[in-house]
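Asker: Before anything else, here's the structure in question.
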Amino acid sequence: MTSLVRRTHRPLLSRTFPEVDRLFGDWLLRPWFGLPLNVTGEVTWQPRVDVYEKDGELVMKFELPGVDKEHVEVVREDGHLVVRAETSKAENVEESGYHRRERFHGQFQRTIPLPVEVQDEEIKAKFENGVLEVRAPKRVPEPTGRQIAVE
């Protein structure tokens, strides 16, 4: 018995490019050393982050190597958590002496959409050993129903 299989015809390139995107992501848009570019073509950096829920809290841990606590800013705005920070160059080496330069120096920002409602006034942030930990208690939804009197 022959089964019918519906096939949609797509040109080879339109089938190939999604696979290339899946395999390489935006790696091809990055300079040779693998750091992302911003819209002006400058090298940017974003810290790695873990976001998870534990014991009624939303926990976010950001890796911020080389950042001083005084240069970290955490803001809650429009359903997002925004982390801004700045690193500075500690050493002054002429550009021509570099064989490879991957460490980022300068300002950066990371915006994380909050997956759950949180209690804004209870958000706490702690910075220790290059890791910023932000804990936000989840907001307990208030009951929306009410008793209706029968006449």
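Asker: May I ask you to compute the full-extension gain from GLN119 to ASP55, defined as 0.36 nm times their residue separation minus their alpha-carbon distance, rounded to one decimal in nm?
Answerer: Gain on extension, GLN119 to ASP55, equals 21.6 nm.
Asker: Once you put a point 7 Å from the Cα of ASN129 and another 7 Å from the Cα of HIS99, both along the Cβ direction, what distance in nm separates them?
Answerer: 3.1
Asker: How would you rank 63-69, 119-125, highest first, on the average number of other Cβ atoms within 10 Å across their residues?
Answerer: Listed from highest to lowest mean packing, they are 63-69, 119-125.
Asker: Additional query: Explain nothing, just compute: Karplus ³J(HN,Hα) = 6.51 cos²θ - 1.76 cosθ + 1.60, θ = phi - 60°, for every residue of segment 133-145 in order, whole Hz, x for Gly and Pro.
Answerer: 10, 10, 10, 10, x, 5, 6, 7, x, 7, x, 9, x
Asker: Run the reach check for LYS69 against lysines, Cα to Cα strictly under 19 Å, same-chain hits fewer than 8 apart removed. What comes back?
Answerer: LYS61, LYS89, LYS124, LYS126
Asker: Now, a different point. Explain nothing, just compute: Karplus ³J(HN,Hα) = 6.51 cos²θ - 1.76 cosθ + 1.60, θ = phi - 60°, for every residue of segment 76-85 in order, whole Hz, x for Gly and Pro.
Answerer: Each residue of segment 76-85 in turn: 9, 8, 6, x, 10, 10, 10, 10, 10, 7 Hz.
Asker: Which order do the peptides 45-55, 127-137 come out in when sorted by mean C-beta neighbours inside 10 angstrom, highest first?
Answerer: Details: 45-55: 12.5, 127-137: 15.5.
The packing order, highest mean first, is 127-137, 45-55.
None of the figures in this text is laboratory data; all of them are computed from the coordinates on show. Predicted model, so just to flag it, every value in this text is computed and none were measured. Please note: Cβ atoms are built from the backbone with ideal geometry, for glycine as well, and neighbour counts cover all protein chains shown.
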